[in-house]
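Below: the structure, in structure tokens.
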Amino acid sequence: MKLNTLVVAGSMITAFFLISACGKSAAQLEAEQRTLDADTTVVSACTFNAVLPISIPMLSGEETAAVCDKMARTLGRNPSVRLLRHLSKAISSMKVQGRGDDTAANAYQFMRVVENRGQLNDEDRMLNTFDVVFKIVGGTDGRVMPKDLNIFLSNLGAGAKTMSDDGLYHSAAMLSVMKQNQGE
């Protein structure tokens, strides 16, 4: 059942891109994607219709709207197009690697890590934290997930706001070894 749903969703996404990309070269499509990746315009609404034109190819409009909603709830405002696309790429890459199927839950955990680090008002630092969390998940072969980092930073309290990226990498390595030794 799940595979069937995935095939249907994949076919719909492919059809959408084929129809919308008619007459466009690969270079033109790539240029459009790069432009969207750099767009600092705030997303007008976290709805399917509003996010579909700016969503990444690997997530559906519905999934992108869910990511946008989680971001907006944490930020207290709608995210920029570049923030939404960057987090969407990290989450979709994790999903492809088999490290988390719940897109909205992963978006929530990524945003909690950003919040714990006190970065909600600095887009560049948020983008960097998305990258750090994604690298930690990959580097630990999925033993340390965004939820683990959220819990760790929540327990750390005020120290989470001053922890460097290197400190977070080292802490994640320690968490990974601990989880591996526990057989998780």
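Brief remarks on what is shown
- Just one of the listed residues (148, 69, 102, 141) is in contact with a helix residue (DSSP H, G or I) (Cβ under 7 Å, 6 or more places away or on another chain) and not aliphatic (A, V, I, L, M), namely 148.
- Some residue of the stretch 96-108 being at pLDDT 95 or above and either on the phi > 0 side of the Ramachandran plot or part of a loop (DSSP other than H, G, I, E, B) (or both): no
- Selection within the stretch 121-145 - assigned to a loop (DSSP other than H, G, I, E, B), surrounded by fewer than 17 Cβ atoms within 10 Å (Cβ to Cβ) and either touching a residue at least 24 places away in the same chain (Cβ under 8 Å) or touching a Ser or Thr at 6+ places or on another chain (Cβ under 9 Å) (or both): 141, 142
- Here residue 38 fits the description: under 17 Å from residue 127 (Cβ atoms) and of a type in the set (Gly, Ala, Ser).
- Of the numbered criteria (1) surrounded by fewer than 20 Cβ atoms within 10 Å (Cβ to Cβ); (2) over 19 Å from residue 118 (Cα atoms), the one residue 55 fails is (1).
- Subset of the stretch 157-177 that is more than 17 Å from residue 131 (Cβ to Cβ) and among the polar types (S, T, N, Q) - its residue that is surrounded by the most Cβ atoms within 10 Å (Cβ to Cβ): 176
- The set of residues from the stretch 23-69 being modelled with pLDDT under 95, in a helix (DSSP H, G or I) and in contact with a Leu (Cβ under 9 Å, 6 or more places away or on another chain) comprises 53, 54, 61.
- Sole exception among (1) surrounded by fewer than 19 Cβ atoms within 10 Å (Cβ to Cβ); (2) at negative phi; (3) among the charged types (D, E, K, R) for residue 117, by number: (1)
- Selection status of residue 154, assigned to a helix (DSSP H, G or I), in contact (Cβ under 8 Å) with a residue 24 or more places away in the chain and surrounded by fewer than 17 Cβ atoms within 10 Å (Cβ to Cβ): yes
- Listed conditions (1) crowded, with 20+ Cβ neighbours inside 10 Å; (2) within 20 Å of residue 55 (Cα to Cα); (3) free of Cβ contacts under 8 Å to residues at least 40 places away in the same chain are all met by residue 95, apart from (1).
The values are calculated or read from the model by the stated rules, or taken from the named source; none is laboratory data. Computed from a predicted structure; not experimentally measured. Cβ sites come from the backbone with ideal geometry, for glycine too, and all protein chains shown count toward neighbours.
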